[in-house]
Amino acid sequence: MAHSNNRRKFMATTLQSVGLTALGGMLWSGYCDEATASPLVLRPPGALPEKDFLDACIKCGMCAEACVNRESNIDKETGKQRPGTLQMAKGGDHRLIGTPFFKPREVPCYMCDDIPCVPVCPSGALDMPSLLNEKKELDINKATMGLAVVHKESCIAFWGLQCDACYRACPLLDEAISLQYQKNERTGKHAFLLPVVHSDVCTGCGLCEKACVTEKPAIFVLPREYSMGRAGDHYVKGWDKKDQQRAGERKLDEIETHTKRSEKAPADYLNREIEY
Amino acid sequence: MKNLKYLLLRRITQIGLLVLYFGANAYGWTLLKGTFGSSLLFGVIPLADPYTTLQVLATGFVLGTDVLLGALIITLFYMIVGGRAFCSWVCPINMVTDLANWLRRKLNLDREEVNYRFLKRRARYWIMVLGLIVSAIVGIAAFEALSPITIMQRGIIFGFGAGISVVIAIFLFDLFGVKNGWCGHLCPLGATYSLIGKASLVRVKHDHEACTNCMECKIVCPENQVLHMINKESISVTDGECTNCGRCIDVCNDDALEFGIRSFTNSKSTKEKK
């Protein structure tokens, strides 16, 4: 009798534990899922794609420590250390807690030649090989932290005022941002000097965003995933051999779009009643 | 007057480590860099938290060798030498929960009728396993997304922000909720170290002959189920949940408790006793 009571108690407590664990697991998973849902975040150079980065980062902060303690971070006028570029996400930053990120308007990435933040990463979340050039040297110009985007309505260069602050702040001067000359039809005798960002060169360091003179920056860095479109395989530059190659590699059934509507002949579709 | 030797030693160790970590960021010291997740000692020796490492591995990411080696070093240290000493000698949350525990006693919150007992001490092992499962499902180190330990440590090194609320929450939970609620019931890191340190060498030893059964040690012990031998047997405290904090040694007025090396001949009788 006592034996069966014990067994019942054991079954009940096991069931209880399993049930509570399931409950906890659901709450916990939900929390983690929400905590990672902060897509517009700029990571250090060499960071893996955001999803892998969140897997890999062990939140040790060594990148941020290397960043703030680099020799070039001494203010020449005061001789004191400036705040580092990389911050470790705190509660209230609305980014996954403990992961490094930067806000270019506060402190942009100064694109150090020796990239002190990357080799110290112990986990591989900051991928050093991705920053090596053909000579196997660290090359900060290979970084793709983000891509600068110009909002032309608030950019005063588009108003016709002369401003080239972002163009001059860019560490890849005239490569990542170039100035496009355009006639100012309003006055008839002036030129626009319009900043144009080139995504194949821009590293997303944010020095332009920091330099921008408008109250809220008219040029700002977004993660590449959000600031870039994709033409897809339907459109090919017929005049570009390389682009033709890209299109040549596609598979036919991948580019054919099959929808319910495309199964019918175009005439059938035109003769049907309009459905909204 | 009560002896505070081990309490002071622990505070010196805990605060000293935090000072080193803080200095690595603020002044560029190279003695001990990083955080508990992963650190670098003397600029060469990698150290890493075993449970954090397991969580990252559970997400499916193949970690760098530095972290794996670091986790191995830490695991071996506590496995062979320290036992669960991380919890009482290193972890900054220990200072918070110790304060809560001390206040509980001062405010008479320890009496049975006001002590909530809805939590089981083994809950932490479930949470430990759950943390790995959730890490695998969600694809991030799940406990690290809310761990008060690293939030407090990063808070001290890089600034707290709203993260301080997590630390306050733990304090309130331990003070007004469950006695030793966080460290003794919930923390999966403590659970991990309990398992790792199960067979470690440094142990508290009890001298049954000297004991006067005053029970001071049981009152002060944060895991007092491990002190089942008090005034019964002269053996070592061999339970992995003992944090080697030494508070029992400090409060004992009879010299019936002292640190020593585990004696393997006695370990058998302990098991039988259980």
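The values are calculated or read from the model by the stated rules, or taken from the named source; none is laboratory data. Note that the structure is a prediction, hence the values are computed from the model and not measured. Because the Cβ atoms are built from the backbone with ideal geometry, glycine has one as well, and the counts that use them run over all protein chains shown.
Yes or no, residue by residue, for (1) at pLDDT 85 or above; (2) under 24 Å from B:Gly131 (Cβ atoms):
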{"site": "A:Met1", "(1), (2)": "no, no"}
{"site": "A:Leu15", "(1), (2)": "yes, yes"}
{"site": "A:Leu27", "(1), (2)": "yes, yes"}
{"site": "A:Thr36", "(1), (2)": "no, yes"}
{"site": "A:Leu42", "(1), (2)": "yes, no"}
{"site": "A:Gly46", "(1), (2)": "yes, no"}
{"site": "A:Asp55", "(1), (2)": "yes, yes"}
Practice problem: Select from region B:48-67 the residues that are at the interface with another protein chain (Cβ under 7 Å from one of its Cβ atoms) and of a type in the set (S, T, N, Q) and write down the one among them that is surrounded by the most Cβ atoms within 10 Å (Cβ to Cβ). | Solution: B:Thr52
Quiz item: Quick check: anything in region B:16-34 within 14 Å of chain A (Cβ to nearest Cβ) and touching a Pro at 6+ places or on another chain (Cβ under 7 Å)?
Solution: yes
Quiz item: What is the number of the single condition among (1) of a type in the set (D, E, K, R); (2) assigned to a loop (DSSP other than H, G, I, E, B); (3) surrounded by fewer than 22 Cβ atoms within 10 Å (Cβ to Cβ) that B:Glu241 does not meet?
Solution: (3)
Quiz item: For region B:139-188, which residues satisfy the criterion of being among the aliphatic types (A, V, I, L, M) and more than 14 Å from chain A (Cβ to nearest Cβ)?
Solution: B:Leu172, B:Leu175, B:Val178
Quiz item: Taking only pairs six or more apart or across chains, which ones have beta-carbon atoms under 6 Å, a first residue in region B:253-264 that is on the phi > 0 side of the Ramachandran plot, and a second residue that is at pLDDT 85 or above and surrounded by 11 or more Cβ atoms within 10 Å (Cβ to Cβ)?
Solution: B:Asp255/B:Ala210
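Residues checked against (1) surrounded by 12 or more Cβ atoms within 10 Å (Cβ to Cβ); (2) closer than 30 Å to A:Met62 by Cβ; (3) among the β-branched types (Val, Ile, Thr):
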| site | (1), (2), (3) |
| --- | --- |
| A:Gly124 | yes, yes, no |
| A:Glu153 | no, no, no |
| A:Asp164 | yes, no, no |
| A:Ala169 | yes, yes, no |
| A:Lys189 | no, no, no |
Quiz item: For region A:75-88, which residues satisfy the criterion of being closer than 18 Å to A:Pro108 by Cβ and either assigned to a loop (DSSP other than H, G, I, E, B) or more than 11 Å from chain B (Cβ to nearest Cβ) (or both)?
Solution: A:Asp75, A:Lys76, A:Arg82, A:Pro83, A:Gly84, A:Thr85, A:Leu86
Practice problem: Out of the residues in region B:1-46 that are closer than 17 Å to B:Ile74 by Cβ, free of Cβ contacts under 8 Å to residues at least 24 places away in the same chain and not aliphatic (A, V, I, L, M), state the one that is surrounded by the fewest Cβ atoms within 10 Å (Cβ to Cβ). | Solution: B:Phe42
Quiz item: Restricting attention to region B:73-87, which residues are part of a helix (DSSP H, G or I) and among the small types (Gly, Ala, Ser)?
Solution: B:Gly82, B:Ala85
Self-check item: Within region B:128-138, tally of residues that are touching a residue at least 40 places away in the same chain (Cβ under 8 Å) and more than 7 Å from every other protein chain (Cβ to nearest Cβ)
Solution: 5
Quiz item: When you scan region A:1-55, how many residues do you find that are among the small types (Gly, Ala, Ser) and surrounded by 14 or more Cβ atoms within 10 Å (Cβ to Cβ)?
Solution: 8
Exercise. For B:Gly70, state whether it is under 29 Å from A:Ala47 (Cα atoms), within 13 Å of chain A (Cβ to nearest Cβ) and in a loop (DSSP other than H, G, I, E, B).
Key: no
Practice problem: Taking the options B:Leu103, B:Leu107, B:Leu99, B:Leu119, name whichever one is away from chain A (no Cβ under 11 Å) and either crowded, with 22+ Cβ neighbours inside 10 Å or at pLDDT below 90 (or both). | Solution: B:Leu107
Quiz item: Considering region B:187-222 alone, what residues qualify as being in contact with a Cys (Cβ under 9 Å, 6 or more places away or on another chain) and in contact (Cβ under 8 Å) with a residue 60 or more places away in the chain?
Solution: B:Cys187, B:Leu189, B:Gly190, B:Tyr193, B:Ser194, B:Gly197, B:Arg203, B:Pro222
Quiz item: Can you spot a residue in region A:67-82 that is out of contact with any Leu (no Cβ under 8 Å at 6 or more places or on another chain) and of a type in the set (Ser, Thr, Tyr)?
Solution: yes
Practice problem: Name every residue in region A:24-74 that is among the polar types (S, T, N, Q) and facing chain B (nearest Cβ under 7 Å), in order of residue number. | Solution: A:Ser29, A:Thr36, A:Asn69
Practice problem: Looking only at region B:38-47, count how many residues are at the interface with another protein chain (Cβ under 9 Å from one of its Cβ atoms) and either out of contact with any Lys or Arg (no Cβ under 9 Å at 6 or more places or on another chain) or of a type in the set (D, E, K, R) (or both). | Solution: 1
